[in-house]
1. Pairs needed: first member in the stretch 36-56, closer than 13 Å to A96 by Cβ and in a helix (DSSP H, G or I); second member anywhere, modelled with pLDDT under 90 and among the aromatic types (F, W, Y); C-beta distance under 9 Å; at least 6 residues apart or different chains.
2. Residue by residue through the stretch 165-189, note down the ones that are at pLDDT 85 or above and of a type in the set (V, I, T).
3. So in the stretch 27-78, with the set limited to residues that are among the polar types (S, T, N, Q) and either crowded, with 16+ Cβ neighbours inside 10 Å or within 25 Å of L150 (Cα to Cα) (or both), which one is nearest to the chain's Cα centre (by Cα)?
4. Give all pairs with beta carbons closer than 6 Å in which a residue from the stretch 153-178 that is among the aromatic types (F, W, Y) meets a residue that is at pLDDT 75 or above; count only pairs at least 6 apart in sequence or on separate chains.
5. Within the stretch 155-164, identify whether any single residue is at pLDDT 90 or above and either of a type in the set (A, V, I, L, M, F, W, C) or in a helix (DSSP H, G or I) (or both), and answer yes or no.
6. With (1) among the aromatic types (F, W, Y); (2) more than 23 Å from V48 (Cβ to Cβ); (3) at pLDDT below 85 as the list, and Y108 as the residue in question, which single condition is left unmet?
7. Give the stretch 101-139 a look and list any residue that's in contact with a helix residue (DSSP H, G or I) (Cβ under 6 Å, 6 or more places away or on another chain) and free of Cβ contacts under 8 Å to residues at least 12 places away in the same chain, or say none.
8. State whether the residues of the stretch 71-87 include one that is out of contact with any helix residue (DSSP H, G or I) (no Cβ under 8 Å at 6 or more places or on another chain) and at pLDDT 90 or above.
Amino acid sequence: MYVFYDILRTRFIVLYTALLLVSTFALFQIDSDPVKVVMSLLNIVLMVVPLISIVFTTIHFYNSYEFMELMLAQPVNRKVIFLGEYLAVMSSLCIAFLLGCGLPLMLYGSGSSALTLLFCGLVLTMVFVSLAFLAAVLTRDKAKAIGIALLFWFYFSLIYDGFLLWFVYAFSDYPLEKITLGLIALNPVDLARVVMLLQLDISALMGYTGAFYKGFFGTSSGMVLSVAVLLLWVLIPFVWALRIFSKKDL
């Protein structure tokens, strides 16, 4: 709890919350249509939120190194310390996101699309916090860990989309809908984007592929599966990082 309250008082979290709050209110002032505002916020959720989450978490981990070493000198289990740090960072970033984006969306009554956007933002925050902890425990060098974390973000936000477009273009003569569906599951950012776009009911703009995705993600089983895959993206890096931290010589 001490770490959690300490993070909430940091200037970075306050500025992050203020940035999201001002951006969301500004979008509502520019356009009163909640659907258009949600679409504009989607770009922030898919690009800015993961970047801030992964960079802040990595820097915080190394800034807390001495504190963790002090705690490890006490009769405290390593997994408890790691879990406490993880939950503190994840909770503070999720609260900042909910206050910054959720409060204006709820005040303007944006409906189910806003709830889906908030869910995607929260899940992506947790995913990239997990990836940041994984990057941090892989090396003792802070600069190298930040580089690995940025590589994670760059890959999932930019490089993977380029690879997917190349794949679809190169094999356009073949039925790729089901294969593309599997490839999207390998990227949490793309998965969140597809779920959000289908929630906004603009799948018609995506042609036959959009109709296929709507037929899958639009069903209850498809939505449950997509949520399960997103949660796996949270759990797998976290468990991997926890195992490394438990055996690592600090």
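The values are calculated or read from the model by the stated rules, or taken from the named source; none is laboratory data. Values in this document were obtained by computation on a predicted structure and should not be read as measured data. When we count neighbours, we look across all protein chains shown, and the Cβ atoms used for this are built from the backbone with ideal geometry, even at glycine.
1. I52/F12; F56/F12
2. V189
3. The qualifying residue nearest to the chain's Cα centre (by Cα) is S53.
4. Within 6 Å, the pairs are W153/P50; W153/L51; W153/I54; F156/N187; F156/V189; Y160/N187.
5. Among the residues of the stretch 155-164, at least one is at pLDDT 90 or above and either of a type in the set (A, V, I, L, M, F, W, C) or in a helix (DSSP H, G or I) (or both), which makes the answer yes.
6. Failed condition: (2).
7. Answer for the stretch 101-139, where residues must be in contact with a helix residue (DSSP H, G or I) (Cβ under 6 Å, 6 or more places away or on another chain) and free of Cβ contacts under 8 Å to residues at least 12 places away in the same chain: just T139.
8. no
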